[in-house]
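Worksheet: one structure, shown below.
The values are calculated or read from the model by the stated rules, or taken from the named source; none is laboratory data. All values derive from a computational prediction rather than experimental measurement. Methodologically, a virtual Cβ is constructed for each residue, glycine included, from the backbone with ideal geometry; neighbour enumeration extends over all protein chains shown. Areas reflect the complete protein model, heavy atoms only, side chains present, ligands, DNA and RNA absent. Shrake-Rupley method; radii C 1.70, N 1.55, O 1.52, S 1.80 Å.
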Amino acid sequence: MARILMIVSAADTLVLTDGRTHPTGYWAEEVTASHQVLVEGGHQVDIATPGGARPTVDPVSLDERGGVQPADGAAFRAYLDSIAASLEAPLDLGSVEAAGYDALYLPGGHAPMADLADNRALGALLTEADRQGRTVAALCHGVAALLSATDDDGTFLFTGRSLTGFTDEEERQGGLGDAAPWLVEDRLNERGAHFEAGAPWSDTVVVDGNLITGQNPQSSVTTAKEVLAALKGA
């Protein structure tokens, strides 16, 4: 049995380009589907957030406003209820060490853009995990959290690495559009990553060594299964 640390944003708002405060949180499907696959694969999944704060689910990710069918929304709610103890008392991100885990897993929702993309504790954790060859996985806007891994001289840890995440086109079609404070695809390309965009809303996963990334909520299960495969092959 491997130990996996699922790092979830604790942000519940995001400041938009016009200064408005937009309610947000983690995306239900990305947490529930990923968590379920990993646990059913026989592994222990711990949840951590900045400061050990209770994370907030984005309400849009539970209903038709987020393209979620009622039956799916009910299933996501039920699964979140089943892991409520872990969500209500997560580990403090700043207190965990990469050596204690075989893999790090970063689901999305817009919230990681607010409190994970520049989180120094997370950056140190990702750097340690990557240098030790441990699996690092990120999904959708969770890929924005990789931006926290920057050396003192500004060098991005994942420069030159192939990855994917929520694309600019998806942000325009079904995300915040021009109101987004920045675009994940653009920012990662600017930092020197090789961003590989699949068709909008396609199940797209990119594996580059120990780095596993998924494009969107539709990629949740496949991303988690790639983590299982990496752990099996380790």
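In the range 11-33, the qualifying residues are those that are farther than 13 Å from MET113 by Cβ and within 15 Å of the chain's Cα centre (by Cα), and the one that is most open to solvent (accessible area, probe 1.4 Å) is GLU29. Considering each residue of the range 151-172, count those that are in a helix (DSSP H, G or I) and closer than 20 Å to ALA111 by Cβ, and give that number. So the answer is 4. Taken over the range 53-85, the residue count meeting the criterion of being small (Gly, Ala, Ser), under 17 Å from the mean Cα position of the chain (by Cα) and more than 18 Å from PRO217 (Cα to Cα) is 1.
Yes/no matrix, rows are residues, columns are (1) surrounded by 18 or more Cβ atoms within 10 Å (Cβ to Cβ); (2) over 18 Å from GLY142 (Cβ atoms); (3) of a type outside the set (Gly, Ala, Ser):
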residue: HIS35; (1), (2), (3): yes, no, yes
residue: GLU40; (1), (2), (3): no, yes, yes
residue: ALA53; (1), (2), (3): no, no, no
residue: VAL60; (1), (2), (3): yes, no, yes
residue: ALA84; (1), (2), (3): no, yes, no
residue: PRO90; (1), (2), (3): yes, no, yes
residue: LEU93; (1), (2), (3): yes, no, yes
residue: TYR101; (1), (2), (3): yes, no, yes
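Within the range 206-220, being open to solvent by 60 Å² or more (accessible area, probe 1.4 Å) and either aliphatic (A, V, I, L, M) or not in a loop (DSSP other than H, G, I, E, B) (or both) holds for VAL207, GLN218. Restricting the first member to the range 183-196 and to residues that are without any contact (Cβ under 8 Å) to a residue 40 or more places away in the chain and within 11 Å of THR167 (Cα to Cα), and the second to residues that are open to solvent by 40 Å² or more (accessible area, probe 1.4 Å) and part of a helix (DSSP H, G or I), the beta-carbon pairs closer than 8 Å and six or more apart or on different chains are PHE195/ASN189. Scanning the range 76-104 for residues that are closer than 18 Å to VAL37 by Cα and either part of a loop (DSSP other than H, G, I, E, B) or free of Cβ contacts under 8 Å to residues at least 40 places away in the same chain (or both) yields ALA78, ASP81, SER82, ILE83, ALA84, TYR101, ASP102. Determine whether the range 113-121 contains at least one residue that is under 22 Å from VAL37 (Cα atoms) and of a type outside the set (Lys, Arg). No. Taking the range 1-50 and the strands (runs of 3 or more DSSP E) fully enclosed by it, the elements with 1 or more residues that are of a type in the set (A, V, I, L, M) and more than 17 Å from ILE212 (Cβ to Cβ) are at 13-15, 44-49.
Scanning the range 184-205 for residues that are open to solvent by less than 40 Å² (accessible area, probe 1.4 Å) and under 17 Å from LEU147 (Cα atoms) yields VAL184, GLU185, LEU188, GLY192, ALA193, PHE195.
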